[in-house]
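Peer 1: Below you will find the structure I want to go over with you.
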Amino acid sequence: MPTFIPVNEPLLNGNEKKYLNECIDSGWISSEGPFVGKLETQFAERVSREYGVAVCNGSAALDIAVKALNIGKGDEVIFPTFTIISCAAAIVRSGAVPVLVDSDPITWNMDVNQIEAKITPRTKAIMVVHIYGLPVDMDTVLMLAQKYNLRIIEDAAEMHGQYYKDKPCGSFGDISIFSFYPNKHVTTGEGGILVTNEEHLAARCRAFRDLCFIKERRFKHEELGWNNRMSNLQAAVGVAQLERLDEFIVLKREMGKLYTSILSGCNKIQIPQPSMTYSENIYWVFGLVLDENLGINAQLIMKELGDRGIGTRPFFYPMHLQPVFNKMGLFNGESYPVAERIAEQGFYLPSGLTMNKEKIEICANTLLSVLSEK
Ligand SMILES: *Cc1c(COP(=O)(O)O)cnc(C)c1O
């Protein structure tokens with residue numbers, strides 16, 4: 001039995017150790033240390049933004065983005081049902097009404113053609129989420145935002161280094177966010193960042209990240225923030241990771257190509273679209289959707305792959321089916337058939353940066369052999 005291939009492993013063999021030692025040697029371990037500012041500046045520049053505000057994780061970045069844009073009671077925000085709960089949580093906690101759209105069956109991103117029908121006089125923002133490797137078709141979103149005077153929050157947590165046409169993902173939102181969780185292209189262990197071009201929004205993000213302390217009197221507060229700061233230790237890892245982003249993207253795309261070449265002949269699965277007119281897939285993860293006609297779901301195949309030493313993760317579980325929201329009276333009776341199908345039939349294969357040709361071949365061929373028995 002070969003050793004287990006985990007669904008993700010970060011690659012930390014650049015300057016991570018060196019920069020971490022600098023933190024320890026200098027005593028700068030809190031958010032006051034110099035790597036935090038360095039990461040903010042370098043990351044913002046990388047995605048063509050003026051300002052970066054580093055935070056403790058990507059979910060916290062979404063909370064802050066919603067708050068910084070003054071979204072709350074009486075507002076509606078449109079976003080995909082097929083996403084991580086962090087998106088919905090930020091909207092629901094703000095007091096705004098979450099409004100869902102279904103997924104595109106090819107890209108698995110929000111179906112941008114369903115947005116306009118959901119816009120009402122109360123709609124304040126569209127939260128776009130780029131999912132798994134291809135960006136949302138931004139032209140339609142930008143047009144709608146302009147036409148109806150809506151804000152855009154861009155969740156680019158999975159899109160470090162990806163472009164939509166000639167512009168970086170993360171450059172489209174009034175505020176855009178990234179996550180630095182270990183399965184993202186750039187990791188800080190736990191971490192995230194908000195990026196924006198508007199100075200006053202950056203200032204609001206900084207305030208909400210730091211408990212809304214005010215200058216005149218320490219420990220006096222006019223608004224409620226969070227302690228969502230990033231430590232210098234985390235930022236040190238991030239700076240080292242960012243140095244290698246281009247290299248990481250090459251690795252991911254090679255992984256995607258190799259998986260595609262082995263799996264593309266199998267008619268029992270849908271594999272990621274290699275490109276759209278506007279972007280090449282960056283393969284944050286290599287996702288698969290099992291053909292419904294097989295009569296088996298992702299759970300079964302994932303179990304069989306696990307038994308053969310291959311780690312997998314299921315696709316997102318749609319927001320409209322989340323018990324936590326249904327109990328709050330949200331989304332009851334709503335139905336989004338594409339999201340429901342891909343959530344049931346979809347999962348992803350090991351896609352981390354430590355994958356190599358041999359491991360990819362093992363994973364892909366094991367999948368083919370499991371599927372050949374179905
Ligand atoms: C990872 C991720 C997040 C959340 O980031 P954390 O750092 O894990 O809180 C948000 N949105 C998307 C699309 C993600 O993939």
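Peer 1: Given DSSP loops and a limit of at most 14 other Cβ atoms within 10 Å, what is the longest stretch of the chain that contains no such chymotrypsin sites (Phe, Trp or Tyr not before Pro)? List each step's numbers first, then the result.
Peer 2: Values: sites that count: F4, F219.
For chymotrypsin sites (Phe, Trp or Tyr not before Pro) (loop position, at most 14 other Cβ atoms within 10 Å), the longest site-free span of the chain is 5-218.
Peer 1: What do you get for trypsin sites (Lys or Arg not before Pro) in region 146-208 restricted to DSSP loop and a cutoff of at most 15 other Cβ within 10 Å of the site's Cβ?
Peer 2: Within region 146-208, the qualifying trypsin sites (Lys or Arg not before Pro) (loop, at most 15 other Cβ atoms within 10 Å) are K165.
Peer 1: Taking only the alpha carbons of region 245-372, what extent do you get along each of the three principal axes, in Å, biggest first?
Peer 2: 48, 34, 25
Peer 1: Summing Lys, Arg as +1 and Asp, Glu as -1, what charge do residues with Cβ under 13 Å from the Cβ of V99 carry, V99 excluded? Can you show the working numbers first?
Peer 2: Values: positive: K118, R122, K124; negative: D75, E76, D102, E116, E334.
Its environment carries a net charge of -2.
Peer 1: Could I ask something else about it? Viscosity 0.692 mPa s, temperature 37 °C: give me the Stokes-Einstein translational D for region 1-125 in µm²/s, with Rh taken as the Kirkwood radius over C-alpha pairs.
Peer 2: 181 µm²/s
Peer 1: Test of understanding: given the chain, find the longest segment containing no GluC sites (Glu not before Pro) that are in a DSSP loop and have at most 16 other Cβ atoms within 10 Å.
Peer 2: Answer from the scan: 51-197.
Peer 1: Something else: Can you pull the three principal axis extents for the Cα set of region 16-242, in Å, largest first?
Peer 2: Largest first, region 16-242 extends 57, 41, 26 Å along its Cα principal axes.
Peer 1: May I pose another question? Tally Lys/Arg at +1 and Asp/Glu at -1 over every other residue whose Cβ is under 13 Å from the Cβ of K165; what's the total?
Peer 2: -3
No value in this document is a laboratory result; all are computed from the given coordinates. Since the model is a prediction, treat every value here as computed from it, not as a measurement. Because the Cβ atoms are built from the backbone with ideal geometry, glycine has one as well, and the counts that use them run over all protein chains shown.
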